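Rule-based calculations on the coordinates, nothing more; no lab input. Note that this is a predicted model, so its numbers are computed, not measured. With ideal geometry, Cβ positions are generated from the backbone for all residues, glycine too; neighbour counts draw on all protein chains shown.
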Amino acid sequence: MIRRDTFDIEIDVSLEEAKDGIFYATDSTVTFEAHIDDSGPATAIVHVKPSYAELLFEDEDGNDVILSKEDMKQAEEKAFDMSEERAQERAWEERYEDR
């Protein structure tokens, strides 16, 4: 049966480039809130929206990097943007309730 609840989809963005020479550190994730519209199983439409991010950053040598608020906001937006398609695919795969 198709899920009718809202559920979270967590996407790992570790080691992706956040900005020039700065990468998302290991265990960095973004979470999307997902829900499925009321269509049937074959025609259901998946909706995802950004929920929250847990991001840390490192340079090319693995040293921790702290970003300014503005750079952090841009890096968070980039993480959500580059992960949205994967979140939709995962939500589609998880569209059925546990049986």
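Against the condition out of contact with any Pro (no Cβ under 6 Å at 6 or more places or on another chain) and assigned to a helix (DSSP H, G or I), how does Ala75 come out, does it pass? So Ala75 fits the description; yes.
Restricted to region 13-30, and to residues that are outside any strand (DSSP E or B) and of a type in the set (A, V, I, L, M, F, W, C), which residue is nearest to Phe57 (Cα to Cα)? This residue is Ala25. Considering region 51-99, the residues that are touching an Asp or Glu at 6+ places or on another chain (Cβ under 9 Å) and under 12 Å from Phe7 (Cα atoms) include one that is surrounded by the most Cβ atoms within 10 Å (Cβ to Cβ), namely Ala87. Going by what's in this entry, would Ser83 be described as touching a Phe, Trp or Tyr at 6+ places or on another chain (Cβ under 9 Å) and of a type in the set (Ser, Thr, Tyr)? Considered against the rule, which asks whether it is touching a Phe, Trp or Tyr at 6+ places or on another chain (Cβ under 9 Å) and of a type in the set (Ser, Thr, Tyr), Ser83 comes out as yes. The residues in region 25-50 that are hydroxyl-bearing (Ser, Thr, Tyr) and surrounded by 11 or more Cβ atoms within 10 Å (Cβ to Cβ) can be counted, and the count is 4.
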